[in-house]
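The values are calculated or read from the model by the stated rules, or taken from the named source; none is laboratory data. Since we're looking at a predicted model, the values are computed, not measured. Methodologically, a virtual Cβ is constructed for each residue, glycine included, from the backbone with ideal geometry; neighbour enumeration extends over all protein chains shown. For accessibility, only protein heavy atoms count, side chains too; no ligands or nucleic acids. Shrake-Rupley method; radii C 1.70, N 1.55, O 1.52, S 1.80 Å.
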Amino acid sequence: MREFFKIQLFKNLSFAYIAVVLFLAIVVLVNQNIVHEIILRTLSLPLLMILYYLVSPQRNIWYIMALIFASISNVLFVFNDSLLLNYGLFAFLLFRVITIYLVLKATKKKSFFAIFVGSIFFLFPLLYFIALTQDSLGQSFYISLVNVILVSFLGGISLSNYLLEEGFKHTWLLLSTLLFAFLVFLFVIQKYYLFIPVFQPIRVLVLMAAHYFFMIYRVIHEREEQHHFLAKSQ
């Protein structure tokens, strides 16, 4: 199920996506021009959406909707306004809910005990980190808290799938989830301890890599389903 890595269209669009992300990171670090950053953030995830649409055998509407919500949050996170931050967090919350639904639906061996144990592994450190920023987040704290709980739950599912099921796709899912969890750590460092300019582009790179890895997980899963369907129909 890795043959799509060799498709020239996939290679070209992946290169374009990586180029946009790297350019965005450089703009964030050097230029710090909000207009340029908004333009690049607006382009990045829609480009990933196009990449998914062209290489996916199913073109799942729920995942496309999730990417739309992620794109909205990606742009809104540029601004410092608390209301826009709340809207961005809510859009990202919808993205997270849909992705959890898709992963659960794709999971064949559901061990709720393994998911619970895996979720605890993510939940305690993430809760600790996010609690440190309660004062600085203000009203956004509770939405951030829900997001942390959902990321932890997805982490539990990812870890459970990686340990209990065979398949290269679970490695991509786990990598994506670990990067999303790492974003919380970077966020807390900037908000609670000290603001280091280089962390801002690192956050951009980590976020875009997490999205890219999850897209690969989705495409591999969809191609596996297509393969099984064709095998049964013969």
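Suppose the filter is modelled with pLDDT of 80 or more and among the hydroxyl-bearing types (S, T, Y); does T99 pass it? The answer is yes for T99.
With respect to (1) open to solvent by less than 80 Å² (accessible area, probe 1.4 Å); (2) among the charged types (D, E, K, R); (3) more than 16 Å from the chain's Cα centre (by Cα), the lone exception for K11 is condition (1).
Residue count for region 53-76 under the criterion of being under 14 Å from the mean Cα position of the chain (by Cα) and either open to solvent by less than 40 Å² (accessible area, probe 1.4 Å) or hydroxyl-bearing (S, T, Y) (or both): the result is 8. Do the conditions hold for T177, that is, is it polar (S, T, N, Q), open to solvent by 40 Å² or more (accessible area, probe 1.4 Å) and modelled with pLDDT of 90 or more? It is false that T177 is polar (S, T, N, Q), open to solvent by 40 Å² or more (accessible area, probe 1.4 Å) and modelled with pLDDT of 90 or more. Residue under question is I50, and the condition is that it be open to solvent by 70 Å² or more (accessible area, probe 1.4 Å), closer than 30 Å to E224 by Cβ, β-branched (V, I, T) and modelled with pLDDT of 80 or more; does it hold? Here the answer is yes, as I50 does meet what is asked. Quick one: would you say I39 is touching a residue at least 24 places away in the same chain (Cβ under 8 Å), of a type in the set (V, I, T), part of a helix (DSSP H, G or I) and open to solvent by 30 Å² or more (accessible area, probe 1.4 Å)? No, not satisfied. Scanning region 155-174 for residues that are open to solvent by 50 Å² or more (accessible area, probe 1.4 Å) and in a helix (DSSP H, G or I) yields Y162, L163, L164.
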